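See below for the structure under consideration.
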Amino acid sequence: MMGYFSMMFLYFDAGLGAMLVQAIVAAAAGIVLFSKNFMYKVKSFFGLTKSQKDGIDTIDFEQDEKQPNEEQGS
Amino acid sequence: MKSKAHRHQASFRDPSGYIVRDGSVVKRVINPIYFPVYDALCKADFFSPLFKAKMLIPHVEQERSAEAIVLMPDQIDLMTYPYEWSFEQYKQAALLTLKLQNFALDRDFSLKDASAYNVTFHRGKPVFIDTLSFDFYQKDSPWRAYKQFITHFFGPLVLAHFHGAEALKMMQTHIDGIPVALVASMLPKRTKLSPTLYTNIHLMAKMEAKHKDEYTPKSRSIKLSKQSLRNLLRSLYNYIDQLELMQQTEWGDYYNKTNYQPESFIFKKEQIQKWIAGNGARKILDLGGNDGTFARAIDSDIDLAVVADVDHNAVALNYAQVKANKEVNMLPLWFDVTQPSPAIGWVNLERESILNRLSAWGPEAVLALAVIHHMTLSANIPFADSAQFFARLSPLLVIEFPKRDDSWVDSLLQRKREFINHFDHYHQENFEKAFEEHFKILEKVNIPGSDRILYLMHSRQ
């Protein structure tokens, strides 16, 4: 097993900077997600929310089908 | 195994296995070093929900020995690369990659790479094709493929958001993704105020520059909890999901801007349908196919219509229809006939040129509607060369020739100003003469209410 992992580390350079920065990125992401969620709750309290789109957890999901009006990327 | 001789040039990077071509069939060979992961994935029933959701290309195990496991995946008709996708296609490929990583984490696995080349479009949807990209998740470890996700997906998408879809074409000159420092330098200063863009791009660029000569952390080991990693993924997902191009769409309905009368339009549709169905062509390449209107008009049994266009908006509109109607036999391709995507990467074989890929796929008919005047008058390609080009692509050609009196041709000619006389060769007679060198003209019809002629030709090759 050790042989396997040591070879994986030779596979490509993940970049030390990119590995180190993830803790900060994740912390910022946590704050953004928390505040978005908080705002969503506030808005839903006042009945101002639209139905939420499919998120990252939506799997199998007959492959997330969206409404056509949400799909025009440009 | 003996098929090693046909190892595909794109699969030398990963020690876990490689791709082989067995005749026209593509297979995946797993090296013993990856057996523990593959067996654990099978045991965890990792693959089947992903097959069912059409997120991962389905495969069956075909052979197993001490030296190799051979997987037989569903075959992809035509591989398309990131620089041939519209913005929305690119976005969906990025979201798929994040979903897969999230799914993998739930089961204690992790994507060990996040290359945009791991995704292609198959039966109307983005699908992950690199089955060997999954690895064991190591407790509290950061995501090794994070930087690759940023350079292959997040960076290009963010650049396209600010600078237009053309930014995605930069992937053609950066096979390992667009360097973070380059992305950072191209973003407006105000992006430093966005927590997502600041951390994922600007701060990452700084950290990369600071640690570029180090390989291991000086003090403590790098740790990141699974929940933190999930937050990172979720925040990238949400950001990409709401990302749109800033440039305005030039037209909502392309065909409102053309010079067709309704009866010409209907005639053209019916004639194409008749010729394609009559010749039993099931693999169609529509060059300059706009949003796929004419390819969709063919209501006979089509296996796949690849609809290529130089205009990003047309490709985007086409993909929007593919998605909305859940079409499985339409593949939108962002393609410039005057500069088709070249072969790139190691020995120029790692990523094949689009012309090689098209020719391997082997379209049974090519549609070239309202294209030849642009090729001849905008790109100055002589008829002899365009005829040869089409003859190499497919045995059957449906080509529309707008005569000199056509309003579009006239406008293209007027733009030549004092050089207008250099284009006197643009005539029906010269066109037919040059094309007859390579094709037999089977039928030709005038399109009523227009100055255009529709030809059905068969290659002499």
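Every number here is computed from the coordinates shown, using simple stated rules; none is lab data. Since the model is a prediction, treat every value here as computed from it, not as a measurement. Please note: Cβ atoms are built from the backbone with ideal geometry, for glycine as well, and neighbour counts cover all protein chains shown.
Could you tell me the ratio Rg/Rh of region B:88-143? Both radii from Cα atoms, Rh via Kirkwood. Please report the intermediate quantities before stating the final value.
Values: Rg = 11.6 Å, Rh = 11.7 Å.
Radius of gyration over Kirkwood radius for region B:88-143 works out to 0.99.
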ask   = Out of every Cα-Cα pair in region B:118-225, what percent are more than 24 Å apart?
value = 36 percent
ask   = What are the trypsin sites (Lys or Arg not before Pro) within region B:121-196 that DSSP puts in a loop, where the Cβ has at most 13 other Cβ atoms within 10 Å?
value = B:K139
key: log10 of Debye I(q)/I(0), alpha-carbon scatterers only, for region B:11-115 at 0.10, 0.17 Å⁻¹   = -0.32, -0.97
message = Pairs of alpha-carbon atoms within less than 8 angstrom and 6+ residues apart define the contacts here; what relative contact order does chain B have, in percent?
response = 12 percent
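Give me B:D14, B:D140, B:D113 ranked fewest to most by other Cβ atoms within 10 Å of their Cβ, as a rough exposure proxy. Please list the in-between numbers first.
Working: B:D14 19, B:D140 13, B:D113 22.
Least crowded to most crowded, the residues run B:D140, B:D14, B:D113.
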ask   = Remind me, relative contact order of region B:88-228 in percent, using alpha carbon pairs under 8 angstrom and six or more residues apart?
value = 22 percent
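How far, in nm, would the chain grow between B:A44 and B:L182 when pulled straight, counting 0.36 nm per residue and subtracting the alpha carbon separation?
On the way: separation 138, 0.36 × 138 = 49.68 nm, distance 4.04 nm.
Between B:A44 and B:L182, full extension yields an extra 45.6 nm.
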key: Sequence-separation-based contact order of region B:317-397, relative, with Cα cut under 8 Å and 6+ spacing, percent   = 22 percent
remark   = Filtering chymotrypsin sites (Phe, Trp or Tyr not before Pro) in region B:400-442 by DSSP loop and by at most 11 other Cβ atoms within 10 Å leaves none
Non-local Lys pairs in region B:1-127, i.e. 8 or more apart or on different chains, that have alpha carbons under 27 Å apart = 27
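Subtracting the Cα-Cα distance from 0.36 nm times the residue separation, let me have the gained length for B:R392 to B:D108 in nm, one decimal.
Working: separation 284, 0.36 × 284 = 102.24 nm, distance 4.93 nm.
Taking B:R392 through B:D108 to full extension adds about 97.3 nm, to one decimal.
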query = Which percent of Cα-Cα pairs in region B:368-453 sits in each 10 Å bin, short to long?
reply = 16, 54, 27, 3
ask   = By how many degrees, 0 to 90 and rounded to 10, does the Cα axis of helix B:312-324 deviate from the longest principal axis of chain B?
value = 70 degrees
ask   = What list of ³J(HN,Hα) values in whole Hz, one per residue of region B:160-170 in order, does the Karplus curve 6.51 cos²θ - 1.76 cosθ + 1.60 (θ = phi - 60°) give from phi, with Gly and Pro shown as x?
value = 5, 4, 8, 10, x, 4, 3, 4, 5, 5, 4
task = Calculate the length of the line joining the C-alpha centroid of region B:284-337 to that of region B:422-461, in whole Å.
result = 24 Å
inquiry  = What are the extents of the Cα atoms of the protein assembly as shown along their three principal axes, in Å, largest first?
reply    = 77, 62, 44
query = Can you list the lysines whose alpha carbon sits under 16 Å from that of B:K192, skipping same-chain ones fewer than 8 residues off?
reply = B:K206
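Can you give the Kirkwood hydrodynamic radius of chain B from its Cα pairs, in Å with one decimal? Don't skip to the end; give the middle numbers.
Values: mean 1/r = 0.0412 Å⁻¹.
Taking the inverse mean of 1/r over all distinct Cα pairs, chain B comes out at 24.3 Å.
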task = Would you calculate the separation in nanometres between label points at B:L349 and B:D140, each defined as 7 Å from the Cα along the Cα-to-beta-carbon direction?
result = 4.6 nm
ask   = Where does each of B:381-387, B:399-405 land if you order them by average Cβ count within 10 Å, highest first?
value = B:399-405, B:381-387
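Find the lysine pairs in region B:306-452 meeting two conditions, Cα atoms under 19 Å apart and a separation of 8 or more places or different chains, and report how many there are. Intermediate results must be reported in sequence, preceding the final value.
Working: B:K403/B:K416; B:K403/B:K433; B:K403/B:K444; B:K433/B:K444.
Taking region B:306-452 as the scope, the lysine pair count is 4.
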